[in-house]
Amino acid sequence: MKTIVFQGDSITDAGRNRENENERGIGYPTLVAAELGFKYPAEFRFINEGVSGDRIVDLYTRIKRDIIQNRPDYLTILIGINDVWHELNERNGVDNEKYFRVYCALIEEIKAVLPDIKIFILEPFVLQASATKKAWGVFRRETEMRAESAKRIAEKYGLGFIPLQKKFDEAAEKADPSYWLLDGVHPSAMGHELIAKEVCAALEKEFSF
């Protein structure tokens, strides 16, 4: 049985039960587990290690406990929006240069211990809604900077990259942004489904049975 670990912030956390790895919250990790677990019975163990509020520096501190010790065959990472948001709300964000540098260190350390792991970097995203509209220009610009850094990291280390901003922008043309991202950051059920579809497609391209 192979292991898939989902790593990130509150978007990944989605209210998961930290005492029971089979209760993965109400977000995209559960949807991915449902889809792939149904298509490939008993082939995978699905673990959600997302932690609400995390920035890249917080995720880095959890590298041994929540990534390496799980020894995943596949790892997805969605991180970046809090690096922007925490600066706007608390002056405790992570600037783009440091985001890139710490993210690179994270990847290098994981690959040093788990050389055969397949890592997928999810693009950070944002839409204009209740939590983002006040400083929308800064939110969008800074999130796009983190997204570009995430793509550069994927290219640098030959990792999978899963674009999401364009998908959400296109979805927001069909329904109000808050239909997909409730406050401009946290997905609704439909927003999580959008992410899950992209993650499933990317993962399945790497499966070999």
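Of note:
- Qualifying residue in segment 128-136 (condition: free of Cβ contacts under 8 Å to residues at least 24 places away in the same chain and not hydroxyl-bearing (Ser, Thr, Tyr)): yes
- Condition met for THR132 (of a type outside the set (Gly, Ala, Ser), part of a loop (DSSP other than H, G, I, E, B) and either crowded, with 19+ Cβ neighbours inside 10 Å or under 17 Å from the mean Cα position of the chain (by Cα) (or both)): yes
One line per residue, one yes/no per condition, for (1) modelled with pLDDT of 95 or more; (2) buried (at least 23 other Cβ atoms within 10 Å of the Cβ); (3) closer than 27 Å to LYS205 by Cβ; (4) out of contact with any strand residue (DSSP E or B) (no Cβ under 7 Å at 6 or more places or on another chain):
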residue: PHE46; (1), (2), (3), (4): yes, no, yes, no
residue: VAL51; (1), (2), (3), (4): yes, no, no, yes
residue: ARG55; (1), (2), (3), (4): yes, yes, no, yes
residue: LYS64; (1), (2), (3), (4): yes, no, no, yes
residue: ASP73; (1), (2), (3), (4): yes, no, yes, no
residue: ILE77; (1), (2), (3), (4): yes, yes, yes, no
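- The residues of segment 3-60 that are small (Gly, Ala, Ser) and in a helix (DSSP H, G or I), listed by number, are SER10, ALA33, ALA34, GLY37.
- Some residue of segment 164-178 being within 29 Å of ILE68 (Cα to Cα) and part of a helix (DSSP H, G or I): yes
Rundown of residues vs (1) crowded, with 17+ Cβ neighbours inside 10 Å; (2) over 24 Å from HIS192 (Cα atoms); (3) among the aliphatic types (A, V, I, L, M), yes/no style:
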{"site": "GLU90", "(1), (2), (3)": "no, yes, no"}
{"site": "GLU108", "(1), (2), (3)": "no, yes, no"}
{"site": "PRO115", "(1), (2), (3)": "no, yes, no"}
{"site": "ILE119", "(1), (2), (3)": "yes, no, yes"}
{"site": "TRP136", "(1), (2), (3)": "no, no, no"}
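- Taken as a whole, segment 89-97 holds no residue that is among the acidic types (Asp, Glu), within 23 Å of GLY158 (Cα to Cα) and in a loop (DSSP other than H, G, I, E, B).
- Considering (1) assigned to a helix (DSSP H, G or I); (2) surrounded by fewer than 21 Cβ atoms within 10 Å (Cβ to Cβ), the lone condition that ASN82 does not fulfil carries the number (2).
- Of all residues in segment 138-156, those satisfying the criterion of being of a type outside the set (D, E, K, R) and surrounded by 14 or more Cβ atoms within 10 Å (Cβ to Cβ) are PHE139, THR143, MET145, ALA147, SER149, ALA150, ILE153, ALA154.
- Count of segment 137-163 residues which are touching a residue at least 40 places away in the same chain (Cβ under 8 Å) and assigned to a helix (DSSP H, G or I): 13
The values are calculated or read from the model by the stated rules, or taken from the named source; none is laboratory data. Keep in mind that what you see is a predicted model, and the values were worked out from it rather than measured. Don't worry about glycine lacking a Cβ; one is built from the backbone with ideal geometry, like all the others, and counts go over all protein chains shown.
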